[in-house]
Amino acid sequence: MAPALRRRARPPGLAQGPAGAAAPPSAAFTARTGALARGRPRRRRAGYGGRADGHPSGTLGRPACRALRGGRPGRAPGIGGRGWEPARASPRLRRRAGRPAPPGHPLRHRRARLGARPQHPSGAGAPSIRSGSTATTGRLGAADLRRSAYHEAGHGLGFERTGSAHVVQVDLVQRRDSVGATSAVPGLGPSPTRKEIEGLVVALLSGRAAEIAFLGEPSAGAGGDVTSDLARATTLLAGAHASLGLGEGLAYRGAPHEVAVGLTLDPRLLDAVERDLARLGSEALALVEANRAVVEAVAELLVEGRVVSGDTLRALIAEADQTRAARDGGHA
């Protein structure tokens, strides 16, 4: 004999239509499923399962329920059947949706550490240019700190003197990939000239030039990866020759970064880029030598306080210009 069927309570929001047929979903059910479609977590309720016998949840179907932020099988209390409901969003999806990771999750602490980086004073977000010396393994000593200070001071001077960028701040804040950084807002327009591109390259090479001017030789801090000073300077010059039509030829060979990757396959283009790097490196060294007092003053401030604002840098440059003008006027 078949077991007696026990009458189950009608789930909330389900109205009984004529001839025992299920009426269309109520407003409460529509609002509840709308919240599910937006990925909001909900509390399970008795009587809400995945049946297809006229129950409102049966109208969604298994594929549709899976589409709601990735479904997973689960037992719905009060129904006894096998239902499908949206899984709780993972921390990565929560971050993409603008919601923070749950308390105690490792991603939350990592975001807090990365968020401790110096920000743009105007609160508009990170500047578009960040140039710095590549990080080295081990703990930094006094000599390494001073070398990085000269390096960043040279970058700040180069950006301001060439007019290729507006410096926001120069710092010696150690990051995962660099010892310090010079944050600046680029001054190049959407269609820069050859002179403007070379000015930016001079600024990128000024950090290495400052190490040569004050310490006698450069370190490996200007190179090492695709975001280093040498990598960006090489990409700019290779793009000028073989991508932007600002070199000896007009043939387009690809985007600037693609041309830079293929330099070893084109000896003539490689020689042209090397000549430009040597010439502009000499200009960067001459620029640092002509502004030794500014670079040294900025480096001392960095060693003492770790951060120098762009306004302080520009004030030091203006003071040096006034001193030089007064000295030249006196000799005249």
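Against the conditions (1) crowded, with 22+ Cβ neighbours inside 10 Å; (2) in contact with a Ser or Thr (Cβ under 8 Å, 6 or more places away or on another chain); (3) part of a helix (DSSP H, G or I), Glu196 satisfies every one except (1). Can you name the number of the only condition in (1) closer than 19 Å to Thr193 by Cβ; (2) surrounded by fewer than 20 Cβ atoms within 10 Å (Cβ to Cβ); (3) not β-branched (Val, Ile, Thr) that His257 fails? Checking His257 against (1) closer than 19 Å to Thr193 by Cβ; (2) surrounded by fewer than 20 Cβ atoms within 10 Å (Cβ to Cβ); (3) not β-branched (Val, Ile, Thr), the one that fails is (1). Residue pairs whose Cβ atoms lie under 9 Å apart, separated by 6 or more positions or on different chains, with the first residue in region 252-265 and part of a helix (DSSP H, G or I) and the second of a type in the set (D, E, K, R) and modelled with pLDDT under 95, are Val259/Arg253; Val259/Asp266.
Return yes when Val202 is within 24 Å of Leu246 (Cβ to Cβ), buried (at least 21 other Cβ atoms within 10 Å of the Cβ), of a type outside the set (Gly, Ala, Ser) and modelled with pLDDT of 95 or more and no when it is not. It is true that Val202 is within 24 Å of Leu246 (Cβ to Cβ), buried (at least 21 other Cβ atoms within 10 Å of the Cβ), of a type outside the set (Gly, Ala, Ser) and modelled with pLDDT of 95 or more.
Give me a count of the residues in region 200-249 that are under 24 Å from the mean Cα position of the chain (by Cα) and assigned to a loop (DSSP other than H, G, I, E, B). Counting residues in region 200-249 that are under 24 Å from the mean Cα position of the chain (by Cα) and assigned to a loop (DSSP other than H, G, I, E, B) gives 6. Restricting attention to region 183-231, the residues that are in contact with a helix residue (DSSP H, G or I) (Cβ under 7 Å, 6 or more places away or on another chain), among the hydrophobic types (A, V, I, L, M, F, W, C) and under 26 Å from Asp311 (Cβ atoms) total 12.
Is it true that some residue in region 286-297 is in a loop (DSSP other than H, G, I, E, B), more than 23 Å from the chain's Cα centre (by Cα) and loosely packed, with under 14 Cβ neighbours inside 10 Å? It would help to see each step written out before you state the result.
Keep residues of region 286-297 that are in a loop (DSSP other than H, G, I, E, B), which gives 291.
Next, from what is left, pick out any that are more than 23 Å from the chain's Cα centre (by Cα): 291.
Subsequent filtering for residues that are loosely packed, with under 14 Cβ neighbours inside 10 Å retains none.
Scanning region 286-297 turns up no residue that is in a loop (DSSP other than H, G, I, E, B), more than 23 Å from the chain's Cα centre (by Cα) and loosely packed, with under 14 Cβ neighbours inside 10 Å.
This table checks each residue for (1) hydrophobic (A, V, I, L, M, F, W, C); (2) more than 22 Å from Leu145 (Cβ to Cβ).
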residue	(1), (2)
Leu246	yes, yes
Glu283	no, yes
Val308	yes, no
Leu316	yes, no
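Looking at region 300-314, is at least one residue farther than 22 Å from Gly180 by Cα, assigned to a helix (DSSP H, G or I) and basic (Lys, Arg)? No, region 300-314 has no match at all.
The values are calculated or read from the model by the stated rules, or taken from the named source; none is laboratory data. Because the structure is a prediction, the values reported are computed rather than measured. Heads up, the Cβs are rebuilt from the backbone with ideal geometry, glycines too, and the neighbour counts pull from every protein chain shown.
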